[in-house]
Structure formats: C-alpha cells, structure tokens
Amino acid sequence: MRALQRSGRLHGLSDLLWIPQAGLVSLALGALLASVTGGQDSDAAQLLMSNPVVWAIAGLPLLALFRTWLQTRALNMARQTARAIQGRARAEVLRAAVQRSPAAAFPSSGVFAAQLTEQVDLLGPYYRNYVPQLIRLKLVPFGIVLATAVFSWLAALILLVCGPLIPLFMALIGIRAKAASANQQEELTRLSGLLMDRIRGLETLILFGAVERTQDDIRDAGERFRTGTMRVLKIAFLSSTVLELFSALGIAFSAVYVGFSLLGDIEAGNWGAPLGYSTGLFILLLAPEFFAPLRAYAAAYHDRAGGIAAQEKLAALLGEITEQEAVPASHERPAASCKAGLASPPSIHIAKVTLELGGRRIFSDLDLSLAAGETVLLTGPSGSGKTTLMDCVLGFHRPVMGEVRVNDFDVQEVAAFLRRNVIWLGQAPRLHHGSLKANLLKGVENPGAVSEDTLWAALRLAGAEGLVQRLPNGLATPLGEDGFGLSVGEIRRVALARAAMRQHGGLLLADEPTAGLDEETAADVIRGLKILAKDRTALIATHDPAVLAIPGRRLELSSLTAMARGEAVS
C-alpha cells in the first residue's frame, strides 16, 4: 500500500506542476497581447520579453518532460504493485485450498476457477486505479484552489462549490453500484460453475435426454448475467452524467466570471486589482485541471465497487476453505528431517488439548495416545468432534492449549510432510475430472514408475476390479467432476483403491468409511481397511458396528472429553 500511496503522490505532483506551466503560458500570451495592444499586462510583457528564449524554450519543455516522467513512473509503480497484490491473492487462495482439511466442504471446480481468475482480476483495477487516485484527489484540487485564490477568491469559491458535489453524488450512486457489481459477480460465478459442470457431464446428459433442460438452465443463467451487466452499465452511465454535468457547470461558471470581469461588468471577486488577460487565462487553464482528478476518481470508483465486491467474495471463499491461519513456513522442519523421523508408523500423543472453533469449545483437556502401528476405533455421537480430532492430528487446527505430537515432533512442524504421506479415506471422497487411472495416481509421488499391475492390485484390495473391467475403456474411462457417472458405492471403492496406492504412508485415517453404503460395498471397504491398517498407525472414526469389529482398541470420544472436563459418565 505504501507503493500505491507513493504512486498517487507522484501523480499528484505531476498535476500540480501544471500550475507553473499554466502560469508561464498565461504570462507569455498575456505579454504577447500586451506588446501588441499596450494593455494592462505590460509588466508581464517586460518580464517575459527580457529573456524570452529562457522562458519559452527552457521553462515549458522542461516542465512538460518532468511531468511526463512523473506520470510514467507513477503508472508503472501502481501497475507493478497491483500485479503483485493479485499474485499474493491467488497464492493465498491456493495455499488455503491446499491446506484445508480433506473432510471440509469445498466449492465446485467451476466456481473455484471463476473466483480464482475473474475475482482476483478485479483486484488489479481497484489497486491500480482507485487507491492512487484517492491520494491524487487529496492533493491536486486543493493546490489548484489555492493557486486560483491568489488572484480571485470568487473563482476559487466557484470551484469549491462545484467540486465537492461530484464525490457526494458519486458516493450516493456508488452504494447502488457496489450492490449491483456484487450481484453481477455472483451471477458470473454461478454461470461459470454451471457451464463447466454441464460441459464435463455432457455425455451423460445426452444419454439421459437432459440436454434440452440443460439448455434452459444455461439460457436462464445467461439472461440473469445479462440483466446484471446492464444494471451495472446503467449505474455507470448515470454516474458519468452526474460527473460531466457538474464539471461542465464549474468550468462554465469560471469562464463566465472571467469573461465578464475582463469586460468590466463584474468588479467583485478579486483582491482589489482587476483581472488582467494573464490572470484570467491562468484561472481558465486551471479550472479543467481542477476537475481532472475528480473525473479520474469517478472513473476509478467503479473499479472500487468491483474490487471491494471481489475482496468480499474471496474473503468468503477463504472462510469456506479454512478457519485457521496457516502455519508459518519457518515453523516447519526440513523435509529430510521429517522423512527420517516419520519413516516408520508414527506414534501420536494428544496431551491436554483444548480446542475452540468459531467461538465454540470442541475439546477441553483431551488426552489420547496411539502407539506406533496401533489401530484405534473412535466412536461417539455426531457432533462430538471425531472429524475435528483427525484434523488436529493432521495439523489443520491449532489448539488453544496443549499439544499434538507425532513421534517426537510437534504436529505443526511436520504437518506438510505428514499430509503428503497420510492415507485418508473420508465419507465423501472427491474424485476429479479425468481418467480413472489419473485419479488412482493422484496420491503417488512418481506416477511414471507405477505399473498397471500395481493399479489392478489396489483395485482388487478395494473390491473394484470387476467394476473397472465392466467400464467401456477400463482404466482409461473418463470420470466427471466428483466422480460424475459413478454411484456412491463405486466412488467409495475407487477412493479406497486410490488410498491403497499410497504404499509409503505410515498413518491411516478413515472418517465414517462405510456411511451410506450397502452391505456388499461396506464389506469390501472393511476388508480393504483391515489390509491397509496392517503395519500402520490407524485411527478410524465410525458408527458402524461392522467397522467396530475390526481388531483394535475402541474409544468413545464423548467419554474421553467428559472425563477430561471432570464430568460423570453414565
């Protein structure tokens, strides 16, 4: 922001240099007229004509070149700073997306892509145009009013009366502009998500005869976006009309005053001496420049409306993706140290952990230990914090008190490495647009070194071998977003096979892995979990009695938290 403020000050300084330029021009023309007619500007004529080469050749061109350099410097500084802010905003959104909990809700890829591109792009004009213009607006009009007031207090008063009306009406119009811009961006996001989702599922829509209904949905979304765009343009044209009206009135009043003063019909408004040709022309040259920063500010005000609306959308997106601040990179251990310390199945120790989210206390003095290679079956009513506990194990939440340690490391120190090497299976696994093979290879560090035999072995473990063999293109069968084209049970089998591809992972986390599955699919998932849990540290959260029958230590989370608070457990 300091760079943008410096850019605004440089731009304002270049505008203020017009005052001496206008003074030289008015003196030169006044002197020329006085030399011909012998008028009241004879002193100016004597001043200029004493050394006309210095004034005409050295003064004006040097000021013009210096102004041009200042403007170029200010524009480049604002452009580079805005580009850097956009880059940081994209990096922040992507970092938050990468560091989110796998159990957390996430926007569709179409919505996320639209917000990452269109929404961030709207930040550029806001920072590039509006913020420097705001600084410029604070400097230039006051400088021009003071320069005008030196010769005529009435001309300065005209500018002071007409000038503030522009920001006043722009602020009133801007309230509607901001709301209209936010609604239009919301429609654009919805339209982008709708188009991407429908294009990815076009083959399935054709098979089910839903193309006509999809066309109607897209037509309605496009009509809403068109209406929103026209609403924004209507407000923009209205604000431009207000701007030009008051600018024209201010310049016209100044011109009328100067003209009647030169004719001798108006004698008031100056400091005793009547206006001459030079002083009158000087006032007329300054009047348009008084309104130039106001014009630029009004034009940038629309960028402000779009930029603030985009900031709110991105802030909401970041709030949806993550609730906790990312752990500073300086607190993370080097990858080599993590790899050496977490090579074997890790032990996990949760010591006196108190966790609050959204102002609500989730855990209080929670103690839980998992030995290396142990399987723990975590149960408890919905809302007791089973998923949140797994997020703590992966370092997605920072406890208010206590600590979570993996082997001998604080989890925040090894969180990035741990997440890259964990085997995760949730109740709503996400598959991505692409082939089935590409989805299976998502969790593999070196996809090129994986043979098809390894892929089929993972599918057999998940009970999905027959499913893939029945697909028209086998492993090359394309999948839609979120596994579009597969049933819930088939998605869960593919997700289990993908988890099995992470053979190097020493930690297994499963969150309600059989929720909503039929008995046959659930049996396949449980059988796969038993194989994956062997020689690994496993934490499995479930309500399913069949899953609770897996060999391991069973813990009731609600009882643990109640005992930690000192409550009686029935």
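The values are calculated or read from the model by the stated rules, or taken from the named source; none is laboratory data. Since we're looking at a predicted model, the values are computed, not measured. Cβ: placed from backbone, ideal geometry, glycine included. Neighbour counts: every protein chain shown.
Only one of 438, 495, 458 is buried (at least 16 other Cβ atoms within 10 Å of the Cβ) and either in contact (Cβ under 8 Å) with a residue 60 or more places away in the chain or of a type in the set (S, T, N, Q) (or both); which?
One residue alone meets the criteria, 495.
Which of the residues belonging to region 387-412 are β-branched (Val, Ile, Thr) and crowded, with 17+ Cβ neighbours inside 10 Å?
Answer for region 387-412, where residues must be β-branched (Val, Ile, Thr) and crowded, with 17+ Cβ neighbours inside 10 Å: 387, 388, 393, 404, 406, 411.
Determine whether residue 516 is at pLDDT below 85, buried (at least 19 other Cβ atoms within 10 Å of the Cβ), under 39 Å from the mean Cα position of the chain (by Cα) and assigned to a loop (DSSP other than H, G, I, E, B).
Considered against the rule, which asks whether it is at pLDDT below 85, buried (at least 19 other Cβ atoms within 10 Å of the Cβ), under 39 Å from the mean Cα position of the chain (by Cα) and assigned to a loop (DSSP other than H, G, I, E, B), residue 516 comes out as no.
Any chance you could count how many residues in region 216-270 are of a type in the set (D, E, K, R) and touching a residue at least 12 places away in the same chain (Cβ under 8 Å)?
Of the residues in that region, 3 qualify.
Could you count how many residues in region 393-436 are farther than 27 Å from residue 547 by Cα and among the β-branched types (Val, Ile, Thr)?
3
Considering only region 483-490, I want to know if a residue exists there that is among the aromatic types (Phe, Trp, Tyr), surrounded by fewer than 21 Cβ atoms within 10 Å (Cβ to Cβ), at pLDDT 85 or above and not assigned by TED's automatic domain parsing to the domain that holds residue 206.
Looking through region 483-490, none of the residues is among the aromatic types (Phe, Trp, Tyr), surrounded by fewer than 21 Cβ atoms within 10 Å (Cβ to Cβ), at pLDDT 85 or above and not assigned by TED's automatic domain parsing to the domain that holds residue 206.
Name, by its number, the condition in (1) surrounded by fewer than 24 Cβ atoms within 10 Å (Cβ to Cβ); (2) closer than 28 Å to residue 349 by Cα that does not hold for residue 500.
The number of the failed condition is (1).
A quick yes/no check of all residues on (1) surrounded by fewer than 21 Cβ atoms within 10 Å (Cβ to Cβ); (2) at pLDDT 80 or above; (3) not in a strand (DSSP E or B):
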site: 295; (1), (2), (3): yes, no, yes
site: 303; (1), (2), (3): no, no, yes
site: 312; (1), (2), (3): yes, no, yes
site: 318; (1), (2), (3): yes, no, yes
site: 327; (1), (2), (3): yes, no, yes
site: 343; (1), (2), (3): yes, no, yes
site: 346; (1), (2), (3): no, yes, yes
site: 350; (1), (2), (3): no, yes, no
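Taking residue 568 as meeting all but one of (1) farther than 22 Å from residue 442 by Cβ; (2) loosely packed, with under 15 Cβ neighbours inside 10 Å; (3) at pLDDT 85 or above; (4) of a type in the set (A, V, I, L, M), write down the number of the exception.
Of everything listed in (1) farther than 22 Å from residue 442 by Cβ; (2) loosely packed, with under 15 Cβ neighbours inside 10 Å; (3) at pLDDT 85 or above; (4) of a type in the set (A, V, I, L, M), residue 568 misses just condition (3).
Can you tell me which of 258, 211 is outside the structural domain of residue 433 (by TED's automatic domain parsing) and at pLDDT below 80?
From the options 258, 211, the qualifying one is 211.
Assess whether residue 478 counts as being under 34 Å from the mean Cα position of the chain (by Cα) and surrounded by fewer than 19 Cβ atoms within 10 Å (Cβ to Cβ).
yes
Only one of these is among the aromatic types (Phe, Trp, Tyr), closer than 30 Å to residue 130 by Cβ, surrounded by 24 or more Cβ atoms within 10 Å (Cβ to Cβ) and in the same structural domain as residue 126 (by TED's automatic domain parsing): 290, 282. Name it.
Of 290, 282, the one residue that is among the aromatic types (Phe, Trp, Tyr), closer than 30 Å to residue 130 by Cβ, surrounded by 24 or more Cβ atoms within 10 Å (Cβ to Cβ) and in the same structural domain as residue 126 (by TED's automatic domain parsing) is 290.
Do we have residue 13 as at pLDDT below 85, in contact with a helix residue (DSSP H, G or I) (Cβ under 7 Å, 6 or more places away or on another chain) and not assigned by TED's automatic domain parsing to the domain that holds residue 315 here?
no
Could you say which residue among 369, 364, 384 is of a type in the set (Gly, Ala, Ser) and without any contact (Cβ under 8 Å) to a residue 40 or more places away in the chain?
Testing whether each residue is of a type in the set (Gly, Ala, Ser) and without any contact (Cβ under 8 Å) to a residue 40 or more places away in the chain leaves just 369.
How many of the residues making up region 404-455 are of a type in the set (Val, Ile, Thr) and in a strand (DSSP E or B)?
4
All but one of (1) surrounded by 19 or more Cβ atoms within 10 Å (Cβ to Cβ); (2) assigned to a helix (DSSP H, G or I) hold for residue 527; state the number of the condition that does not hold.
Against the list (1) surrounded by 19 or more Cβ atoms within 10 Å (Cβ to Cβ); (2) assigned to a helix (DSSP H, G or I), residue 527 comes up short only on (1).
Go through the residues of region 104-117 one by one and say whether even a single one is more than 20 Å from residue 247 (Cβ to Cβ) and modelled with pLDDT of 85 or more.
No: zero hits.
Considering each residue of region 358-386, count those that are surrounded by fewer than 20 Cβ atoms within 10 Å (Cβ to Cβ) and either more than 29 Å from residue 535 (Cβ to Cβ) or β-branched (Val, Ile, Thr) (or both), and give that number.
Qualifying residue count, region 358-386: 10.
Taking region 256-278 as the region of interest, how many residues are touching a helix residue (DSSP H, G or I) at 6+ places or on another chain (Cβ under 7 Å) and in a helix (DSSP H, G or I)?
Count: 6.
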